[in-house]
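Trainee: This is the structure I want to talk about, given as structure tokens.
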Amino acid sequence: MKGYIIGPVKVALTYLFGFFFHAGPIKKTPITIKAGNHGTTVGVGTETLPLFEHTPHISPNSRGLIGLAPKNCTGCSKCALACPNKCIEMTPVDPPIYTWELQARAKGKEPRPLKFPEIYFGRCMFCGLCTEACPFEALFHTPLYETSVTTDEKSGMHYTWQAMEQVLKEGNPELYQKIEDKWKKLIPELEAKAAELEKAKTPEN
Ligand code: SF4
Ligand code: SF4
């Protein structure tokens, strides 16, 4: 008989606890932060933040959108070969970027045609295999994660290498600057070497 009373009371108390526990946040002022171009709700106000501004709380080691440092890229294609989802397409860069051309001239060679990776993020699973495969520190994940699109916008998921450079610039500005600084130092050295080789080739009158 006792059980017939205690059982329903326990159930009623559990339901009441659940109701008040979950009803608590209803009293709080809702805040909606619209992230990026796509207006995804990532938090609780009505504030529109431009793309990338809401990400500082994300770990710098997180595997978000992939950025490219074109000055470091040699077009070796290792990233494209490593991608299990075939998201990376190597695309001709014409004319070759200055650092590439300069490195070849500093070795006394003609620059070979250069290709850079372009990524279709619509198929990417952010596994990190491509960034790990890059031997030249040219490809990096960034903390940027805003990639949600509607079906009609799917073509916007194809990032050109220029767009990938922008991702790195905005997603990891410190790293991007570090690579730029490295090249600022290297370029005069390579230019001097290339000029020296050019001079040695020119017959004296
Ligand atoms: S993160 Fe993975 S799936 Fe995405 S492009 Fe790189 S290798 Fe391919
Ligand atoms: S990003 Fe890295 S792996 Fe890919 S082509 Fe450039 S240098 Fe090679």
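Nothing in this text is a laboratory measurement; each read-out follows from the coordinates by a stated rule. Note that the structure is predicted; figures quoted are calculated from it, not measured. Using ideal geometry, Cβ is built from the backbone for each residue, glycine included, and neighbour counts are taken over all protein chains shown.
Trainee: To one decimal place, what orientation-averaged projected area in nm² is obtained for the convex hull of the Cα set of the stretch 72-205?
Mentor: 9.3
Trainee: Another question about this same structure. Highest mean first, what order results for 174-181, 115-122, 85-92 on Cβ atoms within 10 Å?
Mentor: Per-residue mean Cβ counts within 10 Å order the peptides as 115-122, 85-92, 174-181.
Trainee: Structure shown: which of LYS71/LYS107; LYS109/LYS178; LYS109/LYS185 lie over 23 Å apart, alpha-carbon to alpha-carbon?
Mentor: LYS109/LYS178
Trainee: Then there's this: Quick one: if you stick a label point 7 Å off each Cα along the C-beta vector at LYS184 and PHE20, how many nm between them?
Mentor: Label-label distance for LYS184 and PHE20, simple model: 6.2 nm.
Trainee: Note down the nm distance, to one decimal, between modelled labels 7 Å out along Cα→Cβ at LEU197 and at LEU81.
Mentor: According to this spin-label approximation, the distance is 2.5 nm.
Trainee: Further, regarding this structure: For ILE97, list long-range residues whose amide hydrogen, built 1.01 Å from N in the peptide plane, is under 5 Å from its own amide hydrogen.
Mentor: Sorted by chain and number, the residues that satisfy this come to none at all.
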